[in-house]
Amino acid sequence: MIEISGVHKSFGPIEVLKGIDLTVEAGTVTVILGPSGSGKSTLLRCINRLEKVNSGTVRVDGELIGYEQRGNRLHELSERRILQQRVGIGFVFQNFNLFPHLTALQNVAEARHSALRKTKSQAYEKAHELLALVDLWDRAGAYPRQLSGGQQQRVAIARALALEPKLILFDEPTSALDPELVGEVLDVLRDLARAGTTMIVVTHEIGFAREVADTVVFMDSGRIVEQGTPAQVLDHPRHERTRAFLSKVLV
Amino acid sequence: MSVLTPPRQAAAAGDTDGDLVVVPARHPWRWAGTALVLVLLAQLVHGLVTNPGWDWGTFAGYFLEKSVVDALLLTVGLTVAGAVLGFLGGIPLAAMRLSANPVLSGVAWTFIWVFRSVPLLVQLLFWANLGYLYESLQIGIPFGPGFSFPTVSLIGSFGAALLGLALHEAAYAGEVIRAGLLSVDQGQHEAATALGIPRWRQFYRIVLPQAMRAILPNAANLLIMLLKSTSMVYVLAIGELFYQVQVIYGRNGRVVPLLMVATVWYVILTALLSILQFYVERHFARGAVRTLPPTPFQRLKAALRK
Ligand SMILES: Nc1ncnc2c1ncn2[C@@H]1O[C@H](COP(=O)(O)OP(=O)(O)OP(=O)(O)O)[C@@H](O)[C@H]1O
Ligand SMILES: [Mg+2]
């Protein structure tokens, strides 16, 4: 369903992704682990083309992201077409990035109205439903700064869901939260996984990975070192670097 | 769990916290300062009222006189027109300076450099004398045939005034708007892009309202400066407020009271603009602060209720 092949990405002289190949099946949860600076965020940002790749391709449901193939040539798509492609890919940021001047409800409804071109009343109706789904139906009128971190992240998840994406990318959705707020956000992710949402989650929550992931991917310095079921990667890692990393996060 | 119960020693000797009385902090220096300011203010008012040089009778006679009020309206008109044209010009200038295209940003940079360098007074005189430089203006195919107009009749002194004020204002407004747009966090652009919100909508729904927080105080400054800059168009013999009071004191020689007429009107207009600024800023503060600051009326009501 999602096919990433041969993705290279450099920032100036630094090569951050050194050839990533990864396939994600529809309806599965993939958790990406790896030390800081290994390129996890960059990989997610390449999938929805917040970053341009230097080489390699990303396909979602067979559709090439950012390019159009004509014969054996790849033609770069216009900014407008790329924006339309992004509608199918949700993104949840580490620091939420909610729109502070809009209420929780407006945050969720905005893109459904302007990017998915639903009428305002349809967008708001769905936004109410989604806020109920993340257990925030009573805070619809609150501005982001009036909400706790956990609540803000749940609004951000509802906002991503409002586009009914084929795939949602989560970049460390809980690492800006106080420990006691992590649980409420992970609960929402668990519900989404159970409902069969296709997700790629970068996280350091090993317990969550073990419980929810179908595939665990371990990255180090721009490469995928190993991938497999949680039992394979977390309990019987084959590579020394994976073992070293796990021994540090599991203490 | 004993850890969760707060220590109770503070309320020893049998009291419970409920019986404690709050004594507000006292500020003796505030009272001393207030008294000093009041004395100085009383002296100032006394001087204004008793010194015959101020000639308040003449002041009152001309304050609402028809020619003065007409001139005042012209001043307001020039300010509004200059501000609207200036800010309409400032938006594309800001967008061009932020553009990745070096030609566009270079053109905007040069425009801003030129019109911030030339003193407004010089610019006004320059535009008014454009007719000496180019006797006619042509519209048509570049280097080809076209219609031509005599420059003097096309621009006129009023047009020159408006052109000068608008270009001057646009150069400054461009920078004020650019500063505002830069103040919006990169994450906001990314979130809007990741949601696939169309470019134009990203600008006016997501970025601009947040930029307004940083734009408004500076824009208000600019507007108030423009209000007073309109007094410079007196060099083009346009009958705005400052020109008109000069005409009158040229006739009757009462310089000070007539300057006071203009001054008091400028003060009143600035006050109105400042009030407008408060409410507009409050509107755009939604979401940026947890609770909005109370309006003066709400403050008054709260004070009376006590
Ligand atoms: N815009 C950029 N310009 C230059 N270098 C960058 C840029 N973005 C990321 N990098 C570099 O790329 C490398 C990978 O960054 P990335 O954010 O993908 O790491 P990460 O695995 O998400 O780390 P973390 O767990 O700390 O979030 C880092 O060395 C970082 O300094
Ligand atoms: Mg990261």
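Readers should treat all values here as calculations from the given coordinates under stated rules, not as data from a laboratory. Treat the numbers as computed from the prediction; the structure is a model and nothing was measured. With ideal geometry, Cβ positions are generated from the backbone for all residues, glycine too; neighbour counts draw on all protein chains shown.
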P(r) of the range B:66-286 over all Cα-Cα pairs, 10 Å bins starting at 0, rounded to whole percent, reads 8, 25, 30, 22, 12, 3, 0
How big is the range A:2-250 by Rg and Dmax over its Cα atoms, in Å?
18.2, 55
About the Cα centre of the protein assembly as shown, how large is the charge dipole given +1 on each Lys and Arg Cβ and -1 on each Asp and Glu Cβ? Please answer in debye to the nearest 20.
820 debye
Pop out the ³J(HN,Hα) list for the range A:210-218 in order, Karplus 6.51 cos²θ - 1.76 cosθ + 1.60 with θ = phi - 60°, rounded to Hz; leave Gly and Pro as x.
4, 7, 9, 5, 8, 10, 10, 10, 10
With Cα springs under 10 Å, the Gaussian network model of chain B assigns the largest mean-square fluctuation among B:R251, B:R97, B:R178 to B:R251
Could you line up A:M219, B:M96 from fewest to most neighbouring Cβ atoms inside 10 Å?
B:M96, A:M219
Let me check against my output: what whole-number percent is the relative contact order of chain B, with C-alpha pairs under 8 Å and at least 6 apart?
23 percent
Could you tally the net charge around A:K40, taking each other residue with its Cβ under 11 Å from the Cβ of A:K40, Lys/Arg +1 and Asp/Glu -1?
-2
Return, for the Cα atoms of the range A:59-116, the radius of gyration and Dmax in Å, separated by a comma.
15.0, 47
Using alpha-carbon positions, what is the distance between the centroids of the range A:69-99 and the range A:131-189, in Å?
22 Å
Any idea what the alpha-carbon Rg over 2.2 N^0.38 Å comes to for the range A:1-130?
1.20
Sorted largest first, the C-alpha extents of the protein assembly as shown along its principal axes in whole angstrom are 101, 96, 46
Students often get this wrong: which residues of the range A:38-71 have the backbone nitrogen under 13 Å from the point 7 angstrom along Cα-to-C-beta of A:E3?
A:57-65
Taking springs between alpha-carbon atoms closer than 10 angstrom, which of B:L272, B:L41, B:L98 fluctuates most in the Gaussian network model of chain B?
B:L41
Rounded to the nearest 5, the percent of antiparallel DSSP beta bridges in the protein assembly as shown equals 65 percent
Can you tell which of A:A104, A:G228, A:G56 lies farthest toward the positive end of the dipole of the protein assembly as shown, using +1 and -1 charges on the Cβ of basic and acidic side chains (Lys, Arg; Asp, Glu)?
A:A104
Per residue of the range B:77-94, in order, report the coupling 6.51 cos²θ - 1.76 cosθ + 1.60 (Karplus, θ = phi - 60°) as ³J(HN,Hα) in whole Hz, putting x for Gly and Pro.
x, 4, 5, 4, 5, x, 5, 4, 5, x, 6, 4, x, x, 4, x, 4, 5
Mind checking which of B:V247, B:V49, B:V255 has the largest fluctuation in a GNM of chain B, springs on alpha carbons under 10 Å?
B:V49
How far is it, in nm, from the label point at B:L44 to the one at A:Q69 when both lie 7 Å from their Cα along the line to the Cβ?
7.8 nm
Rel. contact order, % - alpha carbon contacts under 8 angstrom, at least six apart, the range A:2-250:
26 percent
May I ask for the net charge around B:G86, where only other residues with Cβ less than 12 Å from the Cβ of B:G86 are counted and Lys, Arg are +1 while Asp, Glu are -1?
-2
Local electrostatic count at B:F278 - Lys and Arg +1, Asp and Glu -1, tallied over other residues with Cβ under 15 Å:
+3
Going by amide H atoms built from the backbone, whose H comes under 5 Å of the H on A:E226, apart from near neighbours?
A:F218
Structure-based [θ]222 nm, chain A - -39500 (n - 2.57) summed over DSSP H runs of at least 4, per residue, nearest 500
-10500 deg cm²/dmol
